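The values are calculated or read from the model by the stated rules, or taken from the named source; none is laboratory data. Note that the structure is predicted; figures quoted are calculated from it, not measured. Virtual Cβ from ideal backbone geometry, glycine too; neighbours counted across all protein chains shown. To get the accessible areas, we keep the full protein, side chains included, count just its heavy atoms, and leave off ligands, DNA and RNA. Shrake-Rupley method; radii C 1.70, N 1.55, O 1.52, S 1.80 Å.
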Amino acid sequence: IEASKRYARERKQFEQPIANFQAVQFMIADMAMKAEAARLLTYKAAYLADKGERITTKEASMAKLFASETAFQAATNAVQIHGGLGCTRGSLVERLFRDARILSIAVGTSEIQRIVIAREELR
């Protein structure tokens with residue numbers, strides 16, 4: 001998100017920063033909103049685990065699923081904001097895009113997280 005905000009302020013198109021364009025603003029707003037929501041889901045799961053009053057499987061799976069999907073969407077938006085530079089091998093956002101993609105696999109596939117959440121909801 002920070003790299004996208006910085007680049008949007010610096011990159012000019014039609015004699016103005018691309019940060020002035022509504023499409024870029026919407027992407028950055030969505031990135032920030034979803035990152036905050038992922039953070040809050042994670043805090044909730046951690047809070048419940050710390051309290052030790054109940055099993056937090058559902059909350060942990062929700063946090064993992066939402067955070068990994070949010071990271072991938074944010075990285076996708078970052079590549080879009082950076083344009084051709086975002087696809088350049090070795091660029092920061094290109095690496096973040098690859099790293100974000102693996103999160104949906106490394107932390108337990110998104111499908112498995114959905115199964116865990118559904119099972120807990122249907123209990």
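Taking Cα pairs under 8 Å and at least six residues apart, what relative contact order does the chain come out at, in percent?
Relative contact order here is 25 percent.
For the chain, with all protein chains present and a 1.4 Å probe, just round the carbon and sulfur fraction of the accessible area to a whole percent.
Carbon with sulfur: 58 percent of the solvent-accessible area.
For the Cα atoms of the chain, what angle does the longest principal axis make with the long axis of helix 22-51, in degrees from 0 to 90, nearest 10?
The helix 22-51 is inclined about 20 degrees to the chain.
Take C87 and E53, extend 7 Å from each Cα along the Cα→Cβ direction, and tell me the distance between the two endpoints in nm.
Placing both labels 7 Å beyond Cα along the Cβ direction yields 5.2 nm.
Go through A23, Q13, A49 and say which Cα lies farthest out towards the positive end of the charge dipole of the stretch 5-119; charges sit on Cβ, +1 for Lys and Arg, -1 for Asp and Glu.
A49
Using the 2.2 N^0.38 Å rule of thumb for compact globular proteins, work out how the chain stacks up: its C-alpha Rg over that value, please.
Working it through for the chain, the quotient is 1.26.
I want to verify a result. In a Gaussian network model of the chain, Cα cutoff 10 Å, which of these has the top mean-square fluctuation: K51, K12, K64?
Result: K51 has the largest fluctuation of those listed.
Against the 2.2 N^0.38 Å scaling, with N counting residues, where does the stretch 25-86 land? I'd like the Cα-based Rg ratio to two decimal places.
Ratio of Cα Rg to 2.2 N^0.38 Å: 1.38.
What's the FRET efficiency of I115 with F26 using the Cβ-Cβ distance as r and R₀ = 41 Å, to the nearest 0.05?
0.80
Rounded to the nearest 500 deg cm²/dmol, what is the calculated helix-only ellipticity per residue at 222 nm for the chain, with -39500 (n - 2.57) per DSSP H run of length n ≥ 4?
Calculated at 222 nm, the ellipticity per residue is -25500 deg cm²/dmol.
Before anything else, pin down the relative contact order of the stretch 1-56: Cα pairs under 8 Å, at least 6 apart, normalised by residue count, whole percent. Present the calculation step by step, with values, prior to reporting the outcome.
Values: 25 pairs, mean separation 12.2, N = 56.
About 22 percent, as a whole number.
Compute the accessible area per residue over the stretch 62-123, keeping the other protein chains in place, probe 1.4 Å, unit Å².
61
Nearest 20 debye, what's the magnitude of the dipole of the chain about its Cα centre given +1 on Lys and Arg Cβ and -1 on Asp and Glu Cβ?
120
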